[in-house]
1. Tabulate in residue order the Karplus-calculated ³J(HN,Hα) for segment 99-116, using 6.51 cos²θ - 1.76 cosθ + 1.60 with θ = phi - 60°, rounded to whole Hz; enter x for Gly and Pro.
2. How much accessible area does Met324 have with a 1.4 Å probe, in Å² rounded to the nearest 10?
3. Once Rh for segment 276-327 is found with the Kirkwood sum over Cα pairs, what is the Stokes-Einstein diffusion coefficient at 4 °C and 1.567 mPa s, in µm²/s?
4. What are the ³J(HN,Hα) couplings of segment 46-58, residue after residue, when phi is run through the Karplus curve with 6.51, -1.76, 1.60 and θ = phi - 60°? Round to Hz, x for glycine and proline.
5. Enter the accessible area of Ile6 (Å², nearest 10), with the probe set to 1.4 Å and all protein chains included.
6. Can you give me the long-range amide H partners of Thr84? Hydrogens built in the peptide plane at 1.01 Å from N, cutoff under 5 Å, separation of 5 or more residues or another chain.
7. Accessible area per residue for segment 262-341 in Å², computed with a 1.4 Å probe and the full protein assembly in place, what is it?
8. So if each residue of separation counts as 0.36 nm, and I subtract the Cα-Cα distance between His30 and Ala266, what length gain in nm does that give?
Amino acid sequence: MGEQPIFSSRAHVFQIDPATKRNWLPASKHAVTVSFFYDASRGVYRIISVGGTKAIINSTITPNMTFTKTSQKFGQWADSRANTVYGLGFSTEQQLQQFADQFKQVKEAARLAREKSQERFELANPALNIAAPQELSEERHSPPLLTVNGPGEEKLFRSKSAEVELTVEKERVKKMLSEGSMCEINLEAELFTLQDSNAKLVAALQEANSSVEQWKKQLAEYQEETDRLRDQVAELEAQLGHPASGQTAREELKRSLEELQALLSAKDQEIHNLQSKKTDVGELEKEKEEAMQRLQDLERRNAELEERVQSAEKTLTSSRDEQMQAEVEVRRIIEVLDVKLCDLSDLRQSLAKLVDK
């Protein structure tokens, strides 16, 4: 028995950029179906999504995986076997929550399946002991202080406060960059979702416009049909003037008039329906304008985040330059003091010789 689907949803699929490990690369141009599959013969769960003729997600779920919701409509998980990080952008919060719950259930099922497999293996091999790897700790020693003795037993210490401040500044910049990257990821996901919604609205608007043109054409045909029926009524009325027609002509005229009235009523109802659908087209245009406004706001916010990131990178570069300048200055002072110490030693030797004489 092959793999069976157990849950499906639709979402925009992304993969982390392998070069930067920060930006998302869209794996699908539009929302695609993302499904959980279970292979009963091997006890394996997988997440699979196909775009066109290519599999854009093929991720085997393990107990070590974690699905993280990074925004209201976006979530991600890392796959070490595929050496990538997958991201999914959903159209609603409910779809994201349903996918997260399913991921948690499948992860727990994978853990139970692995434990049962290990138990069967241990029963088959009772003498096999597997030693757990020991964690290696690495001691970190802070660099020693540099001391230079000068005249009058004065000492010059290399201050560590500048290094501490620089470290704190680096951590703050890294945190700002990571937060900016996360916001940028969420904004990109929302941007793709809005673009998809905008494309749907444009398609619906175009379809509505084509429908209006079709309805206008049908209305013109109905008017032509009405004119033709009126001509038939006129011919029937003319036939009533001949004695030979008699009662049969009157009955035929009555039936024609009834058919004409029924047809006119149907045309009036269709005209009323056309007018109501015209109002729906106006609402679609309004929704399209609102979506375009939200898209512009997101692009503006993305530009502001990029400016903040560039400013933070400039601050980090400036701090590094200042540290390098401070180190160069300290080395220069040490060299000057060494030269002065040599001169002082020579002077003392000269004074000692003079005293001996």
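The values are calculated or read from the model by the stated rules, or taken from the named source; none is laboratory data. Because the structure is a prediction, the values reported are computed rather than measured. Accessible surface is based on the protein model in full, side chains and every heavy atom, while ligands, DNA and RNA are left aside. Shrake-Rupley method; radii C 1.70, N 1.55, O 1.52, S 1.80 Å.
1. Karplus-based 3J(HN,Hα) across segment 99-116 equals 5, 4, 5, 5, 4, 5, 5, 5, 4, 5, 5, 5, 5, 5, 5, 5, 4, 5 Hz.
2. 120 Å²
3. Values: Rh = 14.7 Å.
Translational diffusion coefficient: 88 µm²/s.
4. 9, 9, 10, 9, 10, x, x, 10, 10, 7, 8, 9, 8
5. Its heavy atoms expose roughly 80 Å² to the probe.
6. Hits under the 5 Å cutoff: Asp79.
7. On the way: 6180 Å² over 80 residues.
Per-residue value: 77 Å².
8. Details: separation 236, 0.36 × 236 = 84.96 nm, distance 4.19 nm.
Computed gain between His30 and Ala266 is 80.8 nm.
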